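Notes for the one structure printed next.
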2 protein chains.
Amino acid sequence: MLIGIPSLLGPDLLSTLRAMGHGDELAIVDGNYPADEHGRRVLRADGHGVVDVIDAVLTVLPVDDFVPQALFCASVNGDPTKLDPVHHEMIAVCARRAPGMTVTPLAGAAFYERVRAAYAVVATSEPRLYGNFIVRKGVIRPLGRQGG
Amino acid sequence: MLIGIPSLLGPDLLSTLRAMGHGDELAIVDGNYPADEHGRRVLRADGHGVVDVIDAVLTVLPVDDFVPQALFCASVNGDPTKLDPVHHEMIAVCARRAPGMTVTPLAGAAFYERVRAAYAVVATSEPRLYGNFIVRKGVIRPLGRQGG
């Protein structure tokens with residue numbers, strides 16, 4: 001346990017978040033997702049729901065504001081116009097942790113492709129279907145410097 | 001780079017700090033110290049001075065307040081009554097990051113023994129002799145619970 005860092009971020013996940021650079025993406029997927037097959041690197045967050053993991057990750061991970069879209073969720077039956085409560089919870093936690101950044105729902109194939117390209121995949125135990133999310137890492141600006 | 005976490009704490013050091021438990025000790029040693037010989041686990045902080053590393057570590061690592069002594073420094077020629085400027089700088093940074101916790105100077109043999117038993121050793125590039133330090137990890141208490 002460390003000061004100011006959510007306990008859900010264990011040694012491996014914390015190390016991975018720190019090792020990621022600008023533009024690297026992290027997928028956080030539900031308990032049914034084929035994480036080992038799709039993930040270049042896989043970290044386990046067993047017993048945790050996807051929204052709690054997103055919440056913990058976004059306390060320390062900056063979101064990319066150099067691109068128009070940096071937060072993505074899966075969608076129901078691969079239809080980006082259909083969202084379930086789990087997606088609305090993702091949107092709510094992002095609004096709190098990364099104000100002003102929108103969450104873009106992706107169609108199935110586009111989402112899978114993005115997970116396969118991601119720097120790492122966090123396998124949660126989220127029981128709800130389509131409970132998958134991607135965040136693109138941003139930058140920490142030098143103190144006193146703001147803006148893109 | 002992560003939000004609120006000093007950049008000097010890289011993936012491996014951050015992971016190590018998170019993996020340590022209550023009572024585990026971390027030695028932060030100068031550039032001349034035989035870190036590989038004494039350390040059970042060794043992490044590199046090349047190019048950094050010992051005081052900067054202590055400062056970064058203590059931003060996230062809680063100090064043990066279950067014991068009377070949890071912060072230790074080496075001393076000049078193994079004489080705990082003799083301190084150099086580097087030790088006074090350690091004491092100053094501890095006063096800022098861990099208010100109320102005192103730094104105990106140790107004789108040479110006692111210090112070496114403690115480094116050998118430590119969970120991990122961080123090898124800095126501190127050029128000043130006797131620029132060695134040990135911190136014992138404390139606990140993060142549940143929210144709303146304070147006191148030992």
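The values are calculated or read from the model by the stated rules, or taken from the named source; none is laboratory data. Bear in mind the structure is a predicted one, so any value in this text is a computation, not a measurement. A quick note on method: Cβ atoms are made from the backbone with ideal geometry, for glycine too, and the neighbour counts reach across all protein chains shown. For accessibility, only protein heavy atoms count, side chains too; no ligands or nucleic acids. Shrake-Rupley method; radii C 1.70, N 1.55, O 1.52, S 1.80 Å.
Rounded to the nearest angstrom and listed largest first, the equivalent-ellipsoid semi-axes of region B:22-136 from its Cα gyration tensor are 18, 16, 15. Accessible surface calculations at 1.4 Å, restricted to protein heavy atoms, place chain A at 46 Å² per residue. Computed in the context of the full set of protein chains, the accessible area of region B:1-66 at 1.4 Å probe radius has 42% of its extent on carbon or sulfur. The sum of -39500 (n - 2.57) across all DSSP H runs of n ≥ 4, divided by the residue count of chain B, sets its helix-only mean residue ellipticity at 222 nm to -9000 deg cm²/dmol. Taking 27 Å as the straight-line reach from the Cα of A:K137, the lysines in range (excluding those fewer than 8 positions away in the same chain) are A:K82. Projected onto its three principal axes, the C-alpha set of the protein assembly as shown covers 72, 38, 33 Å, listed from the longest axis down.
The B-A contact accounts for approximately 1900 Å² of buried accessible area, totalled over both chains at a 1.4 Å probe radius. Name the residues of region A:19-45, by number, that are at least 10 Å² less accessible with every protein chain in place than in the isolated chain; the surface is that of heavy atoms, probe 1.4 Å, without ligands or nucleic acids. Buried by 10 Å² or more upon assembly, which counts only protein chains, are A:A19. With K and R counted +1 and D and E -1, the other residues having a Cβ less than 9 Å from that of B:T124 yield a net charge of -3. Among beta bridges identified by DSSP and lying wholly in chain B, the antiparallel ones come to about 45 percent.
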